[in-house]
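The values are calculated or read from the model by the stated rules, or taken from the named source; none is laboratory data. As the structure is a prediction and not an experimental result, all values here were calculated from the model. FYI the Cβ positions are ideal-geometry reconstructions off the backbone, even for glycines, and counts take in every protein chain you see.
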Amino acid sequence: MDIVLLSRLQFAITALYHFLFVPLTLGLSLILVIMECVYVMTGQTIWRDMTKFWGTLFGINFAMGVATGITMEFQFGTNWAYYAHYVGDVFGTPLALEGLMAFFLEATLVGLFFFGWNRLSKVAHLVVTAGVAIGSQFSALWILIANAWMQFPVGAKFNPDTMRMEVADFSAVLLNPVAQAKFIHTVAAGYVTGSVFVLAISALYVLQKRHRALALRSMTVAASFGLASALCVVVLGDESGYTASTNQKMKVAAIEAMWQTEPAPAAFTLVGIPDLAGKRTDYAVKVPWMLGLIATRSVDTVVPGIEDLVKLADKKIRNGLIAYEALAKLRSDRGNAQLRATLDAHVGDLGYALLLKRFRPDIEHATDADIARAAESTVPDVPVLFWAFRLMVACGFWFIALFAVAFYLSATRRLDRHRLFLWAALATLPLPWLAAELGWIVAEYGRQPWVIEGVLPTFLGVSGTDVHNVLFSLVGFVVFYSGLAVADVYLMVKYIRLGPDRTLGHAVTAPNVTDPTPSLAK
Amino acid sequence: MSYEALRLIWWMLLGVLLIGFAVMDGFDLGSAVLMPFVARTDLERRQVINTIGPVWEGNQVWFVLGGGAIFAAWPALYAAAFSGFYLAMFAVLAALIFRPVAIVYRSKIEHPRWRAWWDWALFVTGVVPAVIFGVAVGNLFLGVPFTFDADLRFHSDITLLSLLRPFPLLVGLVSLTMLVLHGATWLSLKAEGAVGQRARRVISFAALAFIVLFDLAGLWVSITDGYKIASAIAPDGPSNPLHKLVYREPSWFANYAAHPALWLAPLLANAAALAAIVLRRRPLPAFLFSGLACAATIATAGFALFPFLLPSSSNPNTSLTVWDASSSKLTLEIMLGCVVVFLPIVLAYTAWVYRVMRGPVRTEDIARDRGAY
């Protein structure tokens, strides 16, 4: 049994599971703010009831997000102890600040969201709801600053005295361009998730011919918020691709299954069958120029292919070995300035030398064959990335189409006229979650073999704990999480079927029953 | 500010965060443990849950923030403690995962078996973290077997069974009685009617048990070998636990002998628990005193252990201390700046939430309110 594999499996399962609840929290919290804003501005009680009903579903989801997030906060220590030691000086800070600046805000105020309706003024309650939403967004920001540093480790340098990476320039960590692109992409994906959730369940109510007043108003909110968000996801997803192309060339090449470097501007492979062993893509349908334009925003910058990047890795490994040897000598000769100078000159590629540890412990004696194997190990799982990316993007374009139609129907007040549209909205319900999970796979699985790109290989990051412990906790998490998932879905379905009237204990009706279409001006 | 001062401040902040967790999340845990004993009907159980309903989420963040702050300020401790205490940590995580779900989901379905199952879950997930945190602290006094290699990779021979030694189990009971006392004063304050009265009767038992166990643990520590740094200390040196010599000395009371004022902490823990008994009919002061008992208990342990964070029994020289397990100076500075600005803000809106939710929780209100847990 391999502890690296088990630890990775556990991290992937718990992260993917946590990420089932996060996007809905991000999106639905803002939708609640929008609805409650309308209530405060117009005084129409239906908007308060909408906030309460969707808030009930929000609460069921929020509890799961809080619960599963705890695992994530501590797993870096339990299962990735060497990672925690090696980069904790940099990576720990955004995680701690997430707790201090964001999670505290949303978690402290969320209790008042549910229990404060009769204890707070209208405006004060709206402030509380907004606080929950803002806290959630900032929470995502800090987590993505931490994650972005794993993708693009700026503002830090290796310290041979403490044998770890340390912060050199905190503002570089904070203002990491990857973090900004990822933040907008991820929260917008959350908004799409929230919008699809509201749209689909409302569509179900319209199809069932019940809760019409609430459903139509909810769909109107979801349509406009969803359309803006869906556009944002795709545009900022493109920004993510652009920033990735500057620092994670291997990830970009793997997503494209681009084995050889093509003359600029490179073509974009729409579909095809990547063949990992044969290093080629069969039946490729290509769009000329497109990849070059997306990845480099120019017609003459080259996007390097996988084979050239492997050759580059080979060079970096040899360079990193010089740093590694200087570091080994420094241990017995801590004051030697010349060794430190050598280390400093080559330390940027130290991580590449560490790749060799997978193949032999005494890496200073690595042969050309070992180095070639280590260089080859920098290629991620091309077919998985190729397809995960394409499915995610296809979902993204489908959301734009769906929300564009919804927006048009809402603007012309015909949301309830087209059963095909309503069915399509309902059928879309699982897709945002699928797209979000695929996005995680592209970003994190696509970073392999690195846990910190170019700095620390994943297999070195694990804890020295007994492998049976990890097996035990992995099985434990799977069992717990499966049980909780059943309870979560059961409760969601229960409250959706109960509907707003019975959930809130009174009939949710429009202020003017003859005019069921939503109207803000009253 | 010097690196030495920053490390000292962050050692104190570590204590503040642990106290914050014990005081804030402590009464949640204690109430859950007490629920089967003080609440007999379904409505009474819901009353217990609804006393913590609006605030448990914020309280639990003290735990998350504690984890994040240890990661950022004491990364070596974060790596060593959590991977070393792997299965104990897993049990705590499992409990703290189940608890939120139990609180929110329990009353959403009116099926006796569904509710009975979550009641059981609430009790167990209250007991488990309360005991394990104590067991972990107890093990710090004995030291645990671990070492670091030249790459500073952590190696340990800790197993779950090796943590369950008599002294740590005693400290686990200290922790449990402390949080049960805190939960009892909370329920006495917040639950009106029969539940509050039953909780009030628990206060004396819990406080007496706590005092006896706490003092017994103190006596036991006095005959336990402590740890002492034998080589010259470099308080501004790099965070590398391989450059010092540590030997065992007869007792952990060296700090107390050097600074007798520190005895205030254990005295306060005793006095505060006694005060909770005396004032048990005045709920708010009793609650404040049980909170003070939690704070003083943690301070007592911290003062004895300083400067050790995680002593190694198998290779004492690689023990983690305040001087060689911290983040870089820059990270400690940045984090301190953020804490100075944001912790008061956090405390302010937390206080506001408690103010808005002030007043007792009544069974009649819960029966009427469809949003109640």
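Mind telling me which of the residues A:ARG373, A:ARG414 ends up being over 24 Å from A:ILE143 (Cβ atoms) and at pLDDT 90 or above? I'd like the intermediate steps shown before the answer.
Numbers: A:ARG414 fails: at pLDDT 90 or above.
A:ARG373 is the lone residue from the list that is over 24 Å from A:ILE143 (Cβ atoms) and at pLDDT 90 or above.
Identify, please: which residue in the stretch A:451-467 is in a helix (DSSP H, G or I) and more than 10 Å from chain B (Cβ to nearest Cβ) and is, among those, nearest to A:GLY155 (Cα to Cα)?
It comes out as A:THR458.
May I ask you to list the residues in the stretch B:156-189 that are out of contact with any strand residue (DSSP E or B) (no Cβ under 9 Å at 6 or more places or on another chain) and charged (D, E, K, R)?
Step one: filter the stretch B:156-189 for residues out of contact with any strand residue (DSSP E or B) (no Cβ under 9 Å at 6 or more places or on another chain), giving B:159-161, B:164-189.
Once the filter is applied, which keeps residues that are out of contact with any strand residue (DSSP E or B) (no Cβ under 9 Å at 6 or more places or on another chain) and charged (D, E, K, R), the stretch B:156-189 yields only B:ARG165.
For the stretch B:143-187, give me each residue that is modelled with pLDDT of 95 or more, among the aliphatic types (A, V, I, L, M) and more than 17 Å from the chain's Cα centre (by Cα).
Within the stretch B:143-187, just B:LEU187 meets the criteria.
Let me confirm something: among A:SER377, A:SER410, which residue is of a type in the set (Gly, Ala, Ser), touching a Ser or Thr at 6+ places or on another chain (Cβ under 8 Å) and at negative phi? Break it down into steps so the answer makes sense when it comes.
Numbers: A:SER377 fails: touching a Ser or Thr at 6+ places or on another chain (Cβ under 8 Å).
So the residue among A:SER377, A:SER410 that is of a type in the set (Gly, Ala, Ser), touching a Ser or Thr at 6+ places or on another chain (Cβ under 8 Å) and at negative phi is A:SER410.
Quickly run through the stretch B:178-230 and pick out the residues that are β-branched (Val, Ile, Thr), within 26 Å of B:ASN59 (Cβ to Cβ) and surrounded by fewer than 24 Cβ atoms within 10 Å (Cβ to Cβ). It would help to see each step written out before you state the result.
As a first pass, look at the stretch B:178-230 and keep what is β-branched (Val, Ile, Thr): B:180, B:185, B:195, B:202-203, B:211-212, B:221, B:223-224, B:229.
Pick out the ones that are also within 26 Å of B:ASN59 (Cβ to Cβ) and you get B:180, B:185, B:195, B:202-203, B:211.
Selection gives B:VAL202, B:ILE211.
Would you check if there is a residue in the stretch B:34-42 being over 17 Å from A:PHE104 (Cα atoms) and within 12 Å of chain A (Cβ to nearest Cβ)? Before the answer, list the steps.
We begin by selecting, within the stretch B:34-42, every residue over 17 Å from A:PHE104 (Cα atoms); these are B:34-42.
Narrowing the set further to residues that are within 12 Å of chain A (Cβ to nearest Cβ) leaves none.
Checked the stretch B:34-42: no residue is over 17 Å from A:PHE104 (Cα atoms) and within 12 Å of chain A (Cβ to nearest Cβ).
Looking only at residues that are of a type in the set (Phe, Trp, Tyr) and facing chain A (nearest Cβ under 7 Å) in the stretch B:62-97, which one is nearest to A:ALA63 (Cα to Cα)? Write out each step before concluding.
At the first step, the residues of the stretch B:62-97 found to be of a type in the set (Phe, Trp, Tyr) are B:62-63, B:71, B:74, B:78, B:82, B:85-86, B:90.
Cutting the leftovers down to facing chain A (nearest Cβ under 7 Å) gives us B:71, B:78, B:82, B:86, B:90.
Numbers: B:PHE71: 24, B:TYR78: 26, B:PHE82: 24, B:TYR86: 25, B:PHE90: 19 Å.
Of everything passing the filter in the stretch B:62-97, B:PHE90 is nearest to A:ALA63 (Cα to Cα).
Looking at this structure, is A:TRP117 of a type in the set (Phe, Trp, Tyr), touching a residue at least 40 places away in the same chain (Cβ under 8 Å) and under 30 Å from B:SER83 (Cβ atoms)?
Working: of a type in the set (Phe, Trp, Tyr): yes; touching a residue at least 40 places away in the same chain (Cβ under 8 Å): yes; under 30 Å from B:SER83 (Cβ atoms): no.
So A:TRP117 does not fit the description; no.
What pairs come up if the first residue lies in the stretch A:487-514 and is more than 11 Å from every other protein chain (Cβ to nearest Cβ), the second is modelled with pLDDT under 90 and buried (at least 19 other Cβ atoms within 10 Å of the Cβ), and their beta carbons are under 6 Å apart, counting only those six or more places apart or on different chains?
Once the first residue is more than 11 Å from every other protein chain (Cβ to nearest Cβ) and sits in the stretch A:487-514, its partners that are modelled with pLDDT under 90 and buried (at least 19 other Cβ atoms within 10 Å of the Cβ) give A:PRO500/A:VAL508; A:ASP501/A:VAL508.
Suppose we filter A:VAL442, A:VAL475 for residues that are farther than 30 Å from A:LEU199 by Cβ and more than 10 Å from chain B (Cβ to nearest Cβ); which single one remains? Steps first, please.
On the way: A:VAL442 fails: farther than 30 Å from A:LEU199 by Cβ.
A:VAL475 is the lone residue from the list that is farther than 30 Å from A:LEU199 by Cβ and more than 10 Å from chain B (Cβ to nearest Cβ).
Can you tell me which residues in the stretch A:409-439 are assigned to a loop (DSSP other than H, G, I, E, B) and closer than 14 Å to A:VAL198 by Cα? Don't jump to the end; show me each part of the working.
Filtering the stretch A:409-439 down to residues assigned to a loop (DSSP other than H, G, I, E, B) leaves A:412-418, A:428-430.
Answer for the stretch A:409-439, where residues must be assigned to a loop (DSSP other than H, G, I, E, B) and closer than 14 Å to A:VAL198 by Cα: A:LEU415, A:THR428, A:LEU429, A:PRO430.
Here are some residues: B:LEU173, B:LEU169, B:LEU122. Which one is more than 8 Å from chain A (Cβ to nearest Cβ), within 25 Å of B:ALA293 (Cβ to Cβ), in contact with a Leu (Cβ under 8 Å, 6 or more places away or on another chain) and assigned to a helix (DSSP H, G or I)? Spell out the reasoning first.
Numbers: B:LEU169 fails: in contact with a Leu (Cβ under 8 Å, 6 or more places away or on another chain); B:LEU122 fails: in contact with a Leu (Cβ under 8 Å, 6 or more places away or on another chain).
Exactly one of B:LEU173, B:LEU169, B:LEU122 is more than 8 Å from chain A (Cβ to nearest Cβ), within 25 Å of B:ALA293 (Cβ to Cβ), in contact with a Leu (Cβ under 8 Å, 6 or more places away or on another chain) and assigned to a helix (DSSP H, G or I), namely B:LEU173.
Matching residues to (1) within 25 Å of B:MET89 (Cα to Cα); (2) within 7 Å of another protein chain (Cβ to nearest Cβ); (3) at pLDDT 95 or above:
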| position | (1), (2), (3) |
| --- | --- |
| A:TYR86 | yes, no, yes |
| A:ASN118 | no, no, no |
| A:VAL123 | no, no, yes |
| A:PRO177 | no, no, no |
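Looking at B:ALA304 and the list (1) surrounded by 18 or more Cβ atoms within 10 Å (Cβ to Cβ); (2) facing chain A (nearest Cβ under 10 Å); (3) of a type outside the set (Asp, Glu), which single condition is not satisfied?
The number of the failed condition is (2).
Condition check: out of contact with any Leu (no Cβ under 7 Å at 6 or more places or on another chain) and crowded, with 16+ Cβ neighbours inside 10 Å. Does A:ARG417 satisfy that?
Details: out of contact with any Leu (no Cβ under 7 Å at 6 or more places or on another chain): yes; crowded, with 16+ Cβ neighbours inside 10 Å: no.
Answer is no for this residue.
Cβ-Cβ below 6 Å, separation at least six or inter-chain, first residue in the stretch B:250-269 and in a loop (DSSP other than H, G, I, E, B), second small (Gly, Ala, Ser) and buried (at least 18 other Cβ atoms within 10 Å of the Cβ): which pairs?
If the second residue must be small (Gly, Ala, Ser) and buried (at least 18 other Cβ atoms within 10 Å of the Cβ), the pairs left are B:SER251/B:GLY226; B:TRP252/B:GLY226; B:TRP252/B:ALA304.
Which residues, counting only those in the stretch B:337-369, are buried (at least 17 other Cβ atoms within 10 Å of the Cβ) and more than 9 Å from chain A (Cβ to nearest Cβ)?
The answer is B:VAL361, B:THR363, B:ILE366.
Which of the helices (runs of 4 or more DSSP H) contained wholly in the stretch B:1-100 include at least 1 residues that are more than 23 Å from B:ASP324 (Cα to Cα) and touching a residue at least 12 places away in the same chain (Cβ under 8 Å)?
Numbers: elements: B:3-38, B:42-52, B:56-73, B:75-84.
Because the criterion is at least 1 residues that are more than 23 Å from B:ASP324 (Cα to Cα) and touching a residue at least 12 places away in the same chain (Cβ under 8 Å), the helices (runs of 4 or more DSSP H) in the stretch B:1-100 that meet it are B:3-38, B:42-52, B:56-73.
Just for the stretch A:88-102: of the residues that are facing another protein chain (nearest Cβ under 7 Å) and more than 16 Å from B:VAL340 (Cα to Cα), which one is surrounded by the fewest Cβ atoms within 10 Å (Cβ to Cβ)? Steps first, please.
Initially, the stretch A:88-102 is screened for residues facing another protein chain (nearest Cβ under 7 Å), giving A:88-89, A:92-93, A:95-101.
Still in the list and also more than 16 Å from B:VAL340 (Cα to Cα): A:88-89, A:92, A:95.
Details: A:GLY88: 29, A:ASP89: 27, A:GLY92: 27, A:LEU95: 24.
Here the answer is A:LEU95.
Quick check, is A:ILE145 free of Cβ contacts under 8 Å to residues at least 60 places away in the same chain, under 30 Å from B:ASP324 (Cβ atoms) and out of contact with any strand residue (DSSP E or B) (no Cβ under 9 Å at 6 or more places or on another chain)?
On the way: free of Cβ contacts under 8 Å to residues at least 60 places away in the same chain: yes; under 30 Å from B:ASP324 (Cβ atoms): yes; out of contact with any strand residue (DSSP E or B) (no Cβ under 9 Å at 6 or more places or on another chain): yes.
When the stated conditions are applied, A:ILE145 passes them.
Scanning for something hydrophobic (A, V, I, L, M, F, W, C), touching a helix residue (DSSP H, G or I) at 6+ places or on another chain (Cβ under 6 Å) and within 11 Å of another protein chain (Cβ to nearest Cβ), does the stretch A:34-44 turn up at least one residue? Quick ask: steps written out before the conclusion?
Within the stretch A:34-44, the subset hydrophobic (A, V, I, L, M, F, W, C) is A:34-35, A:37-38, A:40-41.
Right, trim to touching a helix residue (DSSP H, G or I) at 6+ places or on another chain (Cβ under 6 Å) and you get A:34-35, A:38, A:40.
Still in the running and within 11 Å of another protein chain (Cβ to nearest Cβ): none.
No, the stretch A:34-44 contains no residue that is hydrophobic (A, V, I, L, M, F, W, C), touching a helix residue (DSSP H, G or I) at 6+ places or on another chain (Cβ under 6 Å) and within 11 Å of another protein chain (Cβ to nearest Cβ).
Looking at the stretch A:274-292 only, could you name the residues that are surrounded by fewer than 19 Cβ atoms within 10 Å (Cβ to Cβ) and part of a helix (DSSP H, G or I)?
Let us first name the residues in the stretch A:274-292 that are surrounded by fewer than 19 Cβ atoms within 10 Å (Cβ to Cβ), namely A:275-280, A:282-290.
Within the stretch A:274-292, just A:MET290 meets the criteria.
Between a first residue in the stretch B:216-232 that is under 25 Å from B:LYS244 (Cα atoms) and in contact (Cβ under 8 Å) with a residue 12 or more places away in the chain and a second residue that is of a type in the set (Ser, Thr, Tyr) and assigned to a strand (DSSP E or B), which pairs have beta carbons less than 7 Å apart while being 6 or more apart in sequence or on different chains?
B:LYS228/B:TYR247; B:ILE229/B:THR321; B:ALA230/B:TYR247
For A:THR342, which of the numbered conditions (1) in contact (Cβ under 8 Å) with a residue 60 or more places away in the chain; (2) in a helix (DSSP H, G or I) fails to hold?
The one condition A:THR342 does not meet is (1).
Since A:SER139 meets every condition but one in (1) buried (at least 24 other Cβ atoms within 10 Å of the Cβ); (2) under 21 Å from the mean Cα position of the chain (by Cα); (3) within 27 Å of A:HIS346 (Cβ to Cβ), which condition does it not meet?
Condition (3) is where A:SER139 drops out.
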